[in-house]
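Chemist: Right, I'll just put the structure down here and ask away after.
Readers should treat all values here as calculations from the given coordinates under stated rules, not as data from a laboratory. Predicted, not measured: the structure shown is a model, and the values here were computed from it. Note: ideal-geometry Cβ built from the backbone for every residue, glycine included; neighbour counts use all protein chains shown.
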Amino acid sequence: MKAEQVVAHVAPRATVSGIDRTLVHGLLGGVVAADALVVSAELGLADLVADGPRPVAELAELTETDPGALTRLLNALTSLGVFELGPDGRIGANGPATVLRADVPGSGRALVLSHGRDLAPGREALATAVRQGQQSVKEPAAAERTDALAAVLGFGAAPPPVAQRADLGAARVIADVGSNCGRLLGTLLKAWPQATGILQVRGPVQKPARQFELAGLGERCAILSGDWRESVPGGADVYLLNRVSRRHSDDDLVDLLTRIRREAPGARLLVFDHLLPPGNGFHLSRLEDLLLLAHARGRHRTEEDLRALLEEAGFEVTERLDEHSAPGSEILLDALAR
């Protein structure tokens, strides 16, 4: 029997449980979790909450760290079961946190510090980001690092399934801004043959142009070289942000959204992305957020966070679609410029 026949026979019966998904995601996040443990031990966070819970702002002041960045570090650690996040937002101790204390017999703090510094390759970058906040988005290499990290984290992977539920029957021109790959745009153009597309990429256009030609879409999509920070393509009635929001800081994302609204008043905006799930249970995105904190300019957000930024930029969400699967799955926010 050929391999493809085996796959075809087995795949329909296979299911993925939430427990199995969480296990695999936890293994993927192991390196980032080690970085987080080392940085928390260096800051002495466990000792600071030994006598009772403290607000994150107070911990940031005591450790001379950036409050926003420290919040993201502690969100990841509490989701891993290290430290307790109280209903009032304060951070408290628990069993695993006690292991990181310096004054407890049998403490593992020295082990974490000595071995972690050698085995946690991203520790220095994460420690710097927690102390100083994310580096300036104007830094020359920031965009390139963000693109590289986006590729590793699958930002340009297969189009989200929820995209199939978007109704674009009235769309004339669909513009893809910021994704730098155009995979979702190509999928939507095939599904909605009345529409044409615009893809803005940073850098040479030959590769994406060739991909659209091979897909039979070469004559229906214009490929433009440019950076949205300089200009956003005009002439579209629908704009796509496909896994773009997590690439940017809050200020940059509001800037991008505002540019779209000014370029195309009344345009429709489709935002596809993973969002942080409600609560503080484990989810790989909480560890991915530390990678974005340490090495790029972006961040993962809750749906509430993203809606607030859309409203600040002058957009009103008119519809929400999701995959009806695991918490943290990709969603679509359909919005109109006010």
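Chemist: Given H placed on each backbone N at 1.01 Å, which residues far from TYR239 in sequence or on other chains put an amide H within less than 5 Å of it?
Modeler: Amide H neighbours of TYR239, under 5 Å, 5+ apart: ALA175, ARG268, LEU269, LEU270.
Chemist: Identify the GluC sites (Glu not before Pro) of region 202-303 meeting these criteria: DSSP loop state and at most 11 other C-beta atoms within 10 Å of the C-beta.
Modeler: Answer in residue order: GLU230.
Chemist: On to the next question. Once you have the Cα-Cα distance between ALA170 and ALA102, take 0.36 nm times their residue separation minus that, and quote the gain in nm to one decimal.
Modeler: Between ALA170 and ALA102, full extension yields 18.1 nm more.
Chemist: What is the distance, in nm, between label points placed 7 Å from the Cα along the Cα-to-Cβ direction at GLU124 and at THR318?
Modeler: 5.1 nm
Chemist: Could you work out the local net charge near ARG72, counting Lys and Arg as +1, Asp and Glu as -1, over the other residues with Cβ closer than 15 Å to its Cβ?
Modeler: It works out to a net charge of 0.
Chemist: Let me ask another. Kindly write out, for region 98-106 in residue order, the coupling ³J(HN,Hα) from the Karplus curve 6.51 cos²θ - 1.76 cosθ + 1.60 (θ = phi - 60°), rounded to whole Hz, with x marking Gly and Pro.
Modeler: Values, residue by residue: 4, 4, 8, 6, 8, 10, 10, x, x Hz.
Chemist: Something else: If each residue of separation counts as 0.36 nm, what is the full-extension length gain between ARG338 and ASP255 once their alpha-carbon separation is subtracted?
Modeler: 28.3 nm
Chemist: Can you give the alpha-carbon Rg of region 18-133 over 2.2 N^0.38 Å, where N counts its residues?
Modeler: Dividing the Cα radius of gyration by 2.2 N^0.38 Å gives 1.02.
Chemist: Relative contact order of region 207-319: what whole-number percent is it, with Cα pairs under 8 angstrom and at least 6 residues apart?
Modeler: Over region 207-319, the number comes to 27 percent.
Chemist: What is region 18-133's relative contact order, in percent, from Cα pairs under 8 angstrom and six or more apart in sequence?
Modeler: 36 percent.
Chemist: Fewest Cβ neighbours within 10 Å first, please rank ASP88, ASP176 accordingly.
Modeler: Ranking ASP88, ASP176 by Cβ neighbours within 10 Å, fewest first, gives ASP88, ASP176.
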